[in-house]
1. List every residue pair whose Cβ atoms sit under 6 Å apart, with the two residues 6 or more apart in sequence or on different chains, where the first one lies in the stretch 245-257 and is of a type in the set (Val, Ile, Thr) and the second, anywhere, is exposed (fewer than 13 other Cβ atoms within 10 Å of the Cβ).
2. Read through the list (1) part of a loop (DSSP other than H, G, I, E, B); (2) in contact with a Phe, Trp or Tyr (Cβ under 7 Å, 6 or more places away or on another chain); (3) at pLDDT 70 or above, then give the number of the only condition that Ser114 fails.
3. May I ask you to list the residues in the stretch 65-101 that are out of contact with any Leu (no Cβ under 9 Å at 6 or more places or on another chain) and of a type in the set (Val, Ile, Thr)?
4. What are the residue pairs meeting all of these: first residue in the stretch 171-182, first residue under 17 Å from Thr212 (Cα atoms), second residue part of a loop (DSSP other than H, G, I, E, B) and modelled with pLDDT of 95 or more, Cβ atoms under 6 Å, and 6 or more apart or on different chains?
5. For the stretch 213-310, list the strands (runs of 3 or more DSSP E) that sit wholly inside it and hold at least 2 residues that are among the β-branched types (Val, Ile, Thr) and under 17 Å from the mean Cα position of the chain (by Cα); which are they?
6. Going by what's in this entry, would Asn55 be described as at pLDDT 95 or above and either of a type in the set (Phe, Trp, Tyr) or surrounded by fewer than 19 Cβ atoms within 10 Å (Cβ to Cβ) (or both)?
7. Would you mind stating whether Ala184 is under 19 Å from the mean Cα position of the chain (by Cα) and not basic (Lys, Arg)?
8. Among (1) surrounded by 23 or more Cβ atoms within 10 Å (Cβ to Cβ); (2) over 14 Å from Pro79 (Cα atoms), where does Ile123 come up short?
Amino acid sequence: MKRLLALSIASVFVCCTQESLVPAKDTTQKVSQSRTEQVALAADDWVWTGNQASNQIEIYDPAVADWNSASALKWSWKPATTKGYSQYAIDHWGLPTDFKVRTISAWGGNHLVSSCSSGLVTIAKYPEGTKKWAYNLGFNPHGVELLPNGNIAVAATDKDSVLLFASSTGTDNLIHVSVRLNKAHSVLYDPVENILWATGNDFVIAMQVGGTAAAPTLTELPARRGKFNTTSSGNPYGHDIARDLNDNNILWVSTNGGVYSFNKTTEVLTDGPGGATGINKTMVKAISRQNSGIFVLTRPDSEKTTELPDPVTDPTWCTRYVDFYSSTGTFQYYRTKSGAKFYRAKIFRTPY
């Protein structure tokens, strides 16, 4: 993905209102500042972040230890009039929540999808960032995905639904179908089975995509459902879902209660490695895994101990730190940027 971006450039709601209902703060994590000096593997993907301080999507190189340096920041974006966005769309962009880049052959290359708590969901050409499709949902979407045909799927959190729009057929096309999912937070396309996976309050679910690009259908597959563990607050609150790059049968999901691997065949959820001192922590907002096996996590600073310098105190769902753990769940290092308020940070790549 790093090479892809370089070549492309050369050639050319309140967020998470349920966060107040959370388990007690985990005081087991003790992060050593000296570990920030550890070097990321050169072959690992860059990391995208939703920075709610700058209201931008920002992409960083984890191999650069100082994310305040110009060499660390590889790309940044938000809707702008110079990118074809109306003032109305710009007014409804704020508190970015999700971001993905996918290759859409029918459109001639890579396109991004992004969402924000202020309501806007959008598709744009990548890396130029010029608008392809945009719509103000008006209700706190937390996750998006772009299907190979150009249709956009949205985890509409405050609508308790996963929506699938026929965006491939026109810039103003708002035709859509939906599946109900309480507090939908994240959505991921599985090209092997033409399935959409999503996390909600209590479950990870699978939905069969059908119909045509112009008239899609979306049907839940109840037999493919996994139920999250209940937290001390009584509500798991699923947050994120990601594929395992080394095992197509495994998805990684995070909730208020912990981080789990989900076996797509058996529908079994298994605790993440390392226990509470590893990646199986409470309130993990984003989970993904590098080809090297390194896990990338974001977790609110309000849930950590006070050992971290300059934590984010407002909003309480953000962090200034992106944390990296080994495949066995051992903390390796973090990356941080002064003044940042990251909600999600995940590995950045085009393939599903």
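1. none
2. Of everything listed in (1) part of a loop (DSSP other than H, G, I, E, B); (2) in contact with a Phe, Trp or Tyr (Cβ under 7 Å, 6 or more places away or on another chain); (3) at pLDDT 70 or above, Ser114 misses just condition (1).
3. Selection gives Thr81, Thr82, Thr97.
4. Going by the 6 Å Cβ cut-off, the qualifying pairs are Asn173/Ala166; Ile175/Ala166.
5. Details: elements: 216-220, 238-244, 247-255, 259-263, 269-271, 286-289, 295-298.
In the stretch 213-310, the matching strands (runs of 3 or more DSSP E) lie at 247-255, 295-298.
6. Numbers: at pLDDT 95 or above: yes; either of a type in the set (Phe, Trp, Tyr) or surrounded by fewer than 19 Cβ atoms within 10 Å (Cβ to Cβ) (or both): yes.
Answer is yes for this residue.
7. On the way: under 19 Å from the mean Cα position of the chain (by Cα): yes; not basic (Lys, Arg): yes.
It is true that Ala184 is under 19 Å from the mean Cα position of the chain (by Cα) and not basic (Lys, Arg).
8. Every condition holds for Ile123 apart from (2).
The values are calculated or read from the model by the stated rules, or taken from the named source; none is laboratory data. The shown structure was predicted, so the numbers you read here are calculated from the model rather than taken from an experiment. Ideal geometry is used to build each Cβ from the backbone, glycine not excepted, and the neighbour counts take in all protein chains shown.
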